Structure formats: structure tokens, C-alpha cells
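> Questions regarding the structure given below will be posed in turn.
The values are calculated or read from the model by the stated rules, or taken from the named source; none is laboratory data. Please read these numbers as outputs of a predicted model, since none were measured by experiment. All Cβ positions, glycine included, derive from the backbone under ideal geometry; neighbour counts span all protein chains shown.
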Amino acid sequence: MGDKVRSGDLAMAAFEEWLPGKIAAGRYRGWFVENADGHVIAGGGVWLMDAVPQFPGDTSYRAHVMNVYTEPGYRRCGLARFVMQTILAWCDEQGIKTITLNASDKGRPLYEALGFLPTNDMRLILP
């Protein structure tokens with residue numbers, strides 16, 4: 001468990017260092033849902049990645065959905081779906097047609113219901 005916690009801490013530290021530059025450059029955008037008390041209870045974000053256009057009219061960006069999360073006490077109420085629909089509408093308004101994400105097992109049914117298809121992406125992390 002200790003290695004997993006340290007790995008998560010390192011990933012969070014790297015993300016916190018990376019994020020401000022992306023926000024400042026207009027390459028990361030986030031959405032939040034607040035409860036009546038003003039506490040954030042759900043949210044998600046999009047990282048605009050450089051991409052080769054894949055068809056006429058496509059942009060040179062691909063949207064990668066990240067950080068979709070709902071506080072445990074508010075799950076199964078449609079908040080993640082609302083956040084995702086908001087993100088997808090924003091991407092459409094921006095002319096971004098290619099949208100990717102990494103789905104957890106619990107999130108996969110929502111993303112499939114929204115039309116996301118599984119892909120065969122592979123990953124190699126060099127030492």
C-alpha cells in the first residue's frame with residue numbers, strides 16, 4: 001500500500017506543477033458542480049492536446065477528458081453525466097471532434113452510454 005500512496009503523491013505533485021501552465025495557455029479547462037452550500041461536489045476537465053487533423057474540418061486539437069469525479073455522497077445522481085454532457089457540448093462549440101479519455105471500470109458504462117468507443121491504445125513507460 002505504501003508504494004501506491006507514494007506513487008499517487010508523486011503523480012499529484014507532477015499534475016499540480018503541470019496544470020497552471022496549461023490553464024494559463026488556455027489548454028486546460030475545468031467545470032465544477034457546487035451544492036447549495038457552495039462546496040464542489042463534482043467536476044471534470046479537458047486538456048487540449050495538439051493533434052493532426054484526421055478529416056476535413058477537424059481542428060488541430062484533440063480534447064482529452066480528465067479528472068471526472070463526484071464526491072461519494074452525491075454519486076448516482078447524474079452529476080458525472082451532466083459534467084460530461086457539458087464538456088461534450090463545449091468541445092462541439094469549439095469544433096473539436098476527437099475526444100479521448102481513460103475510463104475506470106466504474107466510469108466505463110457512462111462513457112459508453114455517451115457514445116465513447118473502446119480503443120486499443122497501448123502504453124510503454126521507459127525507465
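> Going by the structure shown, is Asp92 out of contact with any strand residue (DSSP E or B) (no Cβ under 8 Å at 6 or more places or on another chain), of a type outside the set (A, V, I, L, M, F, W, C) and within 26 Å of Trp18 (Cα to Cα)?
yes
> Testing Tyr111 on (1) more than 14 Å from the chain's Cα centre (by Cα); (2) buried (at least 17 other Cβ atoms within 10 Å of the Cβ); (3) in a helix (DSSP H, G or I), one condition comes back false. Which one is that?
Of the numbered conditions (1) more than 14 Å from the chain's Cα centre (by Cα); (2) buried (at least 17 other Cβ atoms within 10 Å of the Cβ); (3) in a helix (DSSP H, G or I), the odd one out for Tyr111 is (1).
> Would you pick out the residues in segment 22-50 that are surrounded by fewer than 12 Cβ atoms within 10 Å (Cβ to Cβ) and not in a strand (DSSP E or B)?
Result: Ala24, Ala25, Gly26, Ala36, Asp37, Gly38, His39.
> Can you tell me how many residues within segment 1-54 are farther than 30 Å from Gly78 by Cα and in contact (Cβ under 8 Å) with a residue 24 or more places away in the chain?
2
> Whether any residue in segment 55-67 is loosely packed, with under 13 Cβ neighbours inside 10 Å, without any contact (Cβ under 8 Å) to a residue 60 or more places away in the chain and among the aromatic types (Phe, Trp, Tyr) is what I want to check. Even if it seems obvious, please write down each step before you answer.
Quick first cut of segment 55-67, residues loosely packed, with under 13 Cβ neighbours inside 10 Å only: 55-57, 60.
Next, from what is left, pick out any that are without any contact (Cβ under 8 Å) to a residue 60 or more places away in the chain: 55-57, 60.
Now drop any that are not among the aromatic types (Phe, Trp, Tyr), which leaves 55.
Yes, because at least one residue in segment 55-67 is loosely packed, with under 13 Cβ neighbours inside 10 Å, without any contact (Cβ under 8 Å) to a residue 60 or more places away in the chain and among the aromatic types (Phe, Trp, Tyr).
> What number of residues within segment 92-108 satisfy the criterion of being in a helix (DSSP H, G or I) and over 19 Å from Tyr69 (Cβ atoms)? Spell out the reasoning first.
Of the residues in segment 92-108, the ones in a helix (DSSP H, G or I) are 92-94, 108.
Within this subset, residues satisfying the condition of being over 19 Å from Tyr69 (Cβ atoms) are 92-94.
Total satisfying the criteria: 3.
Rundown of residues vs (1) out of contact with any His (no Cβ under 8 Å at 6 or more places or on another chain); (2) surrounded by 15 or more Cβ atoms within 10 Å (Cβ to Cβ); (3) aromatic (Phe, Trp, Tyr), yes/no style:
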site: Phe82; (1), (2), (3): yes, yes, yes
site: Gln85; (1), (2), (3): yes, no, no
site: Leu101; (1), (2), (3): no, yes, no
site: Gly107; (1), (2), (3): yes, yes, no
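> In addition: If Ala103 satisfies every condition in (1) farther than 13 Å from Trp47 by Cβ; (2) of a type in the set (A, V, I, L, M, F, W, C); (3) modelled with pLDDT of 95 or more but one, which is the exception?
Condition (3) is where Ala103 drops out.
> Here are the criteria: (1) at pLDDT below 95; (2) out of contact with any Lys or Arg (no Cβ under 8 Å at 6 or more places or on another chain). Tell me which single one Ile41 does not satisfy.
Result: Ile41 fails condition (1) only.
> Being farther than 22 Å from Trp18 by Cβ, under 15 Å from the mean Cα position of the chain (by Cα) and among the small types (Gly, Ala, Ser) narrows it down to one of Ala103, Ala63, Ala80, so name that one.
Numbers: Ala103 fails: farther than 22 Å from Trp18 by Cβ; Ala63 fails: farther than 22 Å from Trp18 by Cβ.
Residue meeting the stated conditions: Ala80.
> So which of Ala89, Ala80, Ala63 is part of a strand (DSSP E or B), closer than 18 Å to Gly115 by Cα and of a type in the set (Gly, Ala, Ser)? Spell out the reasoning first.
Values: Ala89 fails: part of a strand (DSSP E or B); Ala80 fails: part of a strand (DSSP E or B).
After applying the criteria, what remains is Ala63.
> When the residues of segment 1-23 are filtered to those that are hydrophobic (A, V, I, L, M, F, W, C) and over 16 Å from the mean Cα position of the chain (by Cα), which remaining residue is modelled with the lowest pLDDT?
Kept after step one, since they are hydrophobic (A, V, I, L, M, F, W, C), are these residues of segment 1-23: 1, 5, 10-15, 18-19, 23.
Restricting the remaining residues to those that are over 16 Å from the mean Cα position of the chain (by Cα) gives 1, 5, 10, 13-14.
Numbers: Met1: 50, Val5: 59, Leu10: 91, Ala13: 94, Ala14: 93.
Filtering first and then ranking leaves Met1.
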